[in-house]
1. Work out the length of the dipole vector of segment 111-169 about its Cα centre, built from +1 on the beta-carbon of each Lys and Arg and -1 on the beta-carbon of each Asp and Glu, and round it to the nearest 20 debye.
2. At 10 °C and 1.306 mPa s, what whole-number value in µm²/s does Stokes-Einstein give for the translational diffusion of segment 34-190, with Rh from the Kirkwood sum over Cα pairs?
3. Express in nm, to one decimal, how much length is gained between E66 and A25 on full extension, taking 0.36 nm for each residue of separation and deducting their alpha carbon distance.
4. Over the chain, with the other protein chains present, what is the accessible area per residue in square angstrom, probe 1.4 angstrom?
5. Taking all protein chains as present, what is the carbon and sulfur share of the accessible area of the chain, in % to the nearest whole number, probe 1.4 Å?
6. Restricting to the chain, compute how many DSSP beta bridges are antiparallel as a %, nearest 5.
7. Among F81, A123, G24, whose Cα projects farthest towards the positive end of the dipole of segment 1-126, with charges put on the beta-carbon of Lys, Arg (+1) and Asp, Glu (-1)?
8. What is the calculated FRET efficiency for E234 to Q205, with r their C-beta to C-beta distance and R₀ = 41 Å, to the nearest 0.05?
Amino acid sequence: MTRLGIFPVSYKVRGKKIIIVGGGAEALAKARLAIKTDAHVVVIARKIEADFSSLDLENVHFDVREEVFAAHHLHNAALVFVGDEGPDAEIAKRLAKEAGLPLNVVDQPDLCDFFTPAIVDRAPISVAISSEGEAPVLARLVRAQIEAALPLHLGKLASLAGGLRHLVEKLIHSGDRRRKFYQELLASPQVEVALGAGDQDKANQWANHLLVDHANVDQRSGFVHLVGAGPGAEDLLTLRAQRVLQSADVIVHDQLVPEGVVQMGRRDAERVPVGKAKGRHSFTQKRINKLLVQLAQEGKQVVRLKSGDPMIFGRAAEEIEAMDAAGVEYAIVPGVTAAAAAASDAHLPVTLRNVASGVVYATAHGANDTAVTHWATLAKSGLTLGIYMGKSIMKEVAAQLIAEGLSSTTHVGIVVNAGRANSERCLSSLQEISNQAPQLADGPAIVFVGEAVASGKWLNEIEQPSNELELDGDTRPDMQVA
């Protein structure tokens, strides 16, 4: 096993000095990092060449001294950076070693007692990424990914939690209940919205309300998030959805949400599968509605995890109606809908100038003659159709669209397992499909109909079958159900 050559620590510098020896670009880079702390930052060089006035020095204890480096400069120092070559650099290295002070020499890892990590700053929260001087560019790339994942108000949230510590200890005597309070505080959508809007007073009100709830545990109320899990690829889950999943006590998830996405929830969260497949309705919609209300009334933080987007063919309206009737608080986290992922896989612009003026998403599940007539009218008017749950009745729908006056040469594009590593796609026509439905890979499919379809990039690797396919999948079309 590869072992670290460093021991990661957080080093106290408040009330002490950070010494930076050098007046050039490297010294400026170190100063830009050092002024993020409460230390007294001192830059010392015989000649100052960089423009240190460009730094944001508001409320920062910062000095630039154009003088020869000497031992007295190290008084009350915590760290020493050497940024330039020259006589002062050699003196600083020797004196820092003699004084037993941690030393960092830019671009000379063998002379360093410590390395400067790539830092994500959400003071008082900080995340440091170090490559032990081996790959600083990679460390910065990792930092950028973490920066994107952490909300800007995270530091304010940490300060809010810290300010409540003594009151929490006074009101909540159980360590487990305190942990539960902090978990819910840090994941509270009300506090998040208030801090995101810069309303500290409102955030404090919500935090105190939550504390009172936890101090009187029998009176606690829960919360439900309706979360879109996207088409199934973990990296298409939104950052907000990831944060909400980490706060869940219970994850109520649909059948077609992959296990990898469900596992992105809090490790000790309860998982409740409520998938509905054709002929296998383990949970009716009414039962799901009742379960969400019941869990929230028990004080649970609930994530209702739906494939695709909860507001597109997701039956979210019924769950919302049930929660409104019961007085349960909830929020909605949008997701990447299956048709959007399918269009991206096929490089298909579903709206195209002078070809397709719009797009209509529809579900073939339960479609009757009136619905198909309507689709044909829309397609003839220049719209692209994105049809969910059309896999098993594709042949019949194609024949009906032709009968309703849509040209038999109209392009049809099919994407199976959209957004996933095993995504497949093919291009056909209404005439070809009405004669014989194509053999499709296992998995949910989206069917696009319209002249814009030809502009996509398609792989015609789907063979023709000897007979028609049977319907498989869930009854929720936005879950890419066939």
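The values are calculated or read from the model by the stated rules, or taken from the named source; none is laboratory data. These numbers come from a predicted model, not from an experiment. Cβ coordinates were reconstructed from backbone atoms using ideal geometry, including for glycine residues, and neighbour counts include every protein chain displayed. Heavy atoms of the whole protein, side chains included, go into the accessibility calculation; ligands, DNA and RNA do not. Shrake-Rupley method; radii C 1.70, N 1.55, O 1.52, S 1.80 Å.
1. Numbers: 5 positive and 6 negative charges, 59 e Å.
For segment 111-169, the charge dipole is close to 280 debye.
2. Values: Rh = 19.0 Å.
Translational D for this selection: 84 µm²/s.
3. Computed gain between E66 and A25 is 13.2 nm.
4. Numbers: 24020 Å² over 482 residues.
So the chain comes to 50 Å² accessible per residue, rounded to a whole number.
5. Answer for the chain is 52 percent, counting heavy atoms of protein chains only.
6. Rounded to the nearest five, the antiparallel share is 35 percent.
7. Sorting the options by dipole projection puts first A123.
8. Between E234 and Q205 the formula returns 0.70.
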